[in-house]
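Only one structure is covered here, and it is reproduced in the block below.
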Amino acid sequence: MRRSLSAILFGMTVVALVSVSGRQTSPGAGSIVVLETAKGTIEFETYPEEAPKTVARVIELVKKNFYNGQRFHRAEPNFVIQVGDPVSRDVSRQEWWGRQGSGKPIGVAEVTKKRRHVAGAVSMAYSGTDRTTADSQFFITRRAAPELDGKYTVFGRVISGMDAVAKIQRGDVLKRAYLKADAAKF
């Protein structure tokens with residue numbers, strides 16, 4: 001009986017700690033990317049097992065400070081927010097926002113049935129119909145979007161900051177993107 005009570009108390013403690021932190025990564029999750037915005041901080045885990053080239057490319061761009069200072073060029077209520085176009089740093093060129101990238105497409109579409117477009121899914125955007133043209137733009141779903149499953153590469157999921165995701169509007173600045181492990185370096 002004592003062992004059962006101890007096991008229950010231990011389990012409750014673990015659940016409480018996870019609830020307090022608000023962060024629970026998925027099995028197989030990789031690096032955590034942090035997005036600092038004026039509306040709050042968003043953290044998302046990455047899925048290198050399912051989308052190795054996509055995750056590697058986004059992490060490479062994060063490390064090069066590519067996303068810093070960009071604006072969310074798309075923010076659709078109850079759907080998605082999107083970032084990753086360097087032209088978005090220039091407010092005078094708003095009509096061109098969402099059309100550019102880093103200039104180096106990933107070259108592969110790593111669409112998997114394992115990862116779905118749940119609320120907070122982080123997925124690669126691409127223009128037209130060719131998924132291999134995905135470059136630097138990614139979006140975060142504000143709600144479950146099963147209509148996107150099988151069409152876009154889900155390479156991450158928000159683990160903290162969905163309140164910030166809900167507040168983002170078109171033109172809001174992504175102040176800084178970095179890997180959580182690199183935070184101590186700043």
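Here are some notes:
- Screening ALA56, ALA51 for residues that are aliphatic (A, V, I, L, M), at pLDDT 95 or above and open to solvent by 40 Å² or more (accessible area, probe 1.4 Å) leaves exactly one candidate, ALA56.
- Taken over segment 25-42, residues that are farther than 17 Å from ARG115 by Cα and either among the charged types (D, E, K, R) or not in a loop (DSSP other than H, G, I, E, B) (or both) amount to 9.
- The combined condition, being surrounded by 14 or more Cβ atoms within 10 Å (Cβ to Cβ), under 15 Å from PHE44 (Cα atoms) and free of Cβ contacts under 8 Å to residues at least 60 places away in the same chain, is fulfilled by ALA119.
- Residues of segment 75-90 satisfying the condition of being in contact with a Phe, Trp or Tyr (Cβ under 8 Å, 6 or more places away or on another chain) and of a type in the set (Lys, Arg): none
- Boolean, ALA184 is at pLDDT 90 or above, in a helix (DSSP H, G or I), more than 13 Å from the chain's Cα centre (by Cα) and surrounded by fewer than 20 Cβ atoms within 10 Å (Cβ to Cβ): no
- ASP90 more than 19 Å from PRO52 (Cα to Cα), open to solvent by less than 20 Å² (accessible area, probe 1.4 Å) and touching a helix residue (DSSP H, G or I) at 6+ places or on another chain (Cβ under 9 Å): no
- Residues (under 22 Å from ALA109 (Cα atoms), free of Cβ contacts under 8 Å to residues at least 24 places away in the same chain and in a loop (DSSP other than H, G, I, E, B)) located in segment 44-78: PRO48, GLU49
- Restricting segment 59-87 to residues that are on the phi > 0 side of the Ramachandran plot and open to solvent by 50 Å² or more (accessible area, probe 1.4 Å), the residue that is modelled with the highest pLDDT is ASN65.
The values are calculated or read from the model by the stated rules, or taken from the named source; none is laboratory data. A quick note: this is a predicted structure, and the numbers were derived from the prediction, not measured. For neighbour counting, all protein chains shown are included, and Cβ atoms are generated from backbone atoms with ideal geometry for every residue, glycine included. The protein model used for the area step is the full one, side chains on, heavy atoms only, and it has no ligands, DNA or RNA in it. Shrake-Rupley method; radii C 1.70, N 1.55, O 1.52, S 1.80 Å.
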